[in-house]
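Report on one structure; see the data block that follows.
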Amino acid sequence: MIALTTKKRSMPPWSAVAGHGDFVGARVLTAAEIGVLDAWHKAGAKPGNLATAPPSPKFTQGWQLGEPDMVLTMREAVDIPAEGQDQLRNIVIPSGLLEDKTVGALEFRPGNAKVVHHALVFLDNSQAARKLDAADPGVGYLSFGGPGFMPSGSLGGWAPGGTTKWLPDGVGRYFQKGSDVVLQVHYHPTGKPEKDQSKIGIYFSRKPVTQLVGGISVENWQIDIPAGDANYLRTASYTLPKDLTVLSVTPHMHLLGKEMRARAILPDGTRRPLVWVKPWNFRWQETYVLREPMKLPAGTRLELESWHDNSAKNPTNPFNPPQRVTYGEGSNDEMSLCILEVTTNRIEDLLYTINDNGQQNRVLERILSLAKRKKE
């Protein structure tokens, strides 16, 4: 099994195609390493001299980056019914933060990984989420799409298979004092009643921050996959209004996902690969952090292609026989989305990069006010 799965490159789990991006922490064996395992298998898989064996690997227990500076836990457990629709439940957690900070890393730890599809961490300094919470009799409140209010910031997110990584030195996420943390968790019923009480660990930046992180999403909402279609294609694009630097790329699809490719087309026609995930594995979703951040000039077009398999041959197809599947946030729906974490040379340029055609919002107005205070 070891020789077979490594030769097929299904182990170690790593779906990024070689030559389409160079990423931190790539779980890839060399051809020579695979050859050693294959030769060992063909020789009868005999044990070597255990007296000279290297020590067994030690895996980090608990928090992956050490003890966080701040740990926030859901104050109550969420009950997830055995059956029914997926839930996007928003849990409001007062941070108690007494001074403005920048965040260098975030770790989400699901209390019950069987039911957590993904999680996003928003910030709210207006107490709007508290009002939504008070109006909902359950733990937190339900909303599909966004969190139901205009966030004042974001600390990141998590999906199965994602690993915790530091942002580059000098780069951080703005965390305003007194903000509530709104933990939006997507729950998927398992067939029996479940409970979840997740938590997050927040790591403040270790070095002075000169650049703040923003996010770009390239997405196609027009998804309507006929039953039996094994190679359904969706495309999307976005043209950059300002110069920026790409730090990471996060592809996202659901159970019908087959492969996804993202690239940047520079104004002079040069093509630069961002990531190509093939085959897509819903259980090993990854944020691919570029080993060398990629600088892209204004006018660069970001292009996205995704393929989906809605045939009976797809072992992860949630329907048997296959059914028509459309866009949606439920696990049995489908998405075509790629998120890029970016920075800009001027904080003001985030206004025209991560918002629709330069429309300002309260999130970045807060960031700008922080920048002005730093200058003063």
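With respect to ASN112, is the statement that it is among the polar types (S, T, N, Q) and touching a Gly at 6+ places or on another chain (Cβ under 8 Å) true?
Taking the combined requirement at face value, the residue does not satisfy it.
Please go through region 299-339 and give me each residue that is more than 27 Å from ARG89 (Cβ to Cβ), outside any loop (DSSP other than H, G, I, E, B) and out of contact with any Asp or Glu (no Cβ under 8 Å at 6 or more places or on another chain), ordered by number.
Result: ARG301, LEU302, GLU303, GLU305.
Residue check, PHE149 against (1) in a loop (DSSP other than H, G, I, E, B); (2) in contact (Cβ under 8 Å) with a residue 40 or more places away in the chain; (3) over 18 Å from THR287 (Cβ atoms), all met but one. Which one?
(2)
Look at region 1-20 and say how many of its residues are assigned to a helix (DSSP H, G or I) and more than 19 Å from GLY161 (Cβ to Cβ).
Number satisfying all stated conditions: 4.
Go through region 218-229 and give me each residue that's in a loop (DSSP other than H, G, I, E, B) and in contact with a Phe, Trp or Tyr (Cβ under 9 Å, 6 or more places away or on another chain).
If the condition is that a residue be in a loop (DSSP other than H, G, I, E, B) and in contact with a Phe, Trp or Tyr (Cβ under 9 Å, 6 or more places away or on another chain), then ASN220, TRP221, GLN222, ILE223, PRO226, ALA227 are the ones that fit.
Residues being surrounded by 17 or more Cβ atoms within 10 Å (Cβ to Cβ) and at pLDDT 75 or above: count how many of those fall in region 340-361.
Residues meeting the conditions: 6.
Among the residues of region 240-253, are any in contact with a strand residue (DSSP E or B) (Cβ under 7 Å, 6 or more places away or on another chain), surrounded by 13 or more Cβ atoms within 10 Å (Cβ to Cβ) and small (Gly, Ala, Ser)?
yes
Suppose the filter is in contact with a helix residue (DSSP H, G or I) (Cβ under 9 Å, 6 or more places away or on another chain), at positive phi and not polar (S, T, N, Q); does GLY140 pass it?
yes
Here are some conditions: (1) in contact with a Cys (Cβ under 7 Å, 6 or more places away or on another chain); (2) within 24 Å of VAL116 (Cα to Cα). ALA262 meets all but one. Which one does it not meet?
The failed condition is (2).
So, of the residues in region 274-296 that are modelled with pLDDT of 90 or more and surrounded by fewer than 16 Cβ atoms within 10 Å (Cβ to Cβ), which turns out to be nearest to PHE108 (Cα to Cα)?
ARG291
Is there a residue in region 112-119 that is under 16 Å from the mean Cα position of the chain (by Cα), without any contact (Cβ under 8 Å) to a residue 60 or more places away in the chain and at negative phi?
Yes, some residue in region 112-119 is under 16 Å from the mean Cα position of the chain (by Cα), without any contact (Cβ under 8 Å) to a residue 60 or more places away in the chain and at negative phi.
For VAL36, indicate whether it is at pLDDT 95 or above, in contact with a Gly (Cβ under 7 Å, 6 or more places away or on another chain) and either of a type in the set (A, V, I, L, M) or in the same structural domain as LYS195 (by TED's automatic domain parsing) (or both).
In short, no.
Just to be sure I understand the filter: pairs with C-beta atoms under 7 Å, separated by 6 or more residues or on different chains, first member in region 27-44 and closer than 27 Å to GLY161 by Cβ, second member among the polar types (S, T, N, Q) and part of a helix (DSSP H, G or I). Which pairs pass?
What qualifies is LEU29/THR6; ILE34/THR6; LEU37/THR6.
Residue-by-condition table, conditions (1) at positive phi; (2) among the charged types (D, E, K, R); (3) modelled with pLDDT under 95:
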position	(1), (2), (3)
LYS207	no, yes, yes
ALA227	no, no, no
LEU240	no, no, yes
VAL249	no, no, yes
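Just name the residue that is farthest from THR300 (Cα to Cα) out of those in region 181-221 that are buried (at least 19 other Cβ atoms within 10 Å of the Cβ) and more than 21 Å from the chain's Cα centre (by Cα).
GLU194
Please go through region 237-263 and pick out each residue that is farther than 25 Å from TYR327 by Cα and part of a strand (DSSP E or B).
Selection gives LEU244, THR245, VAL246, LEU247.
The values are calculated or read from the model by the stated rules, or taken from the named source; none is laboratory data. Note that this is a predicted model, so its numbers are computed, not measured. Ideal geometry is used to build each Cβ from the backbone, glycine not excepted, and the neighbour counts take in all protein chains shown.
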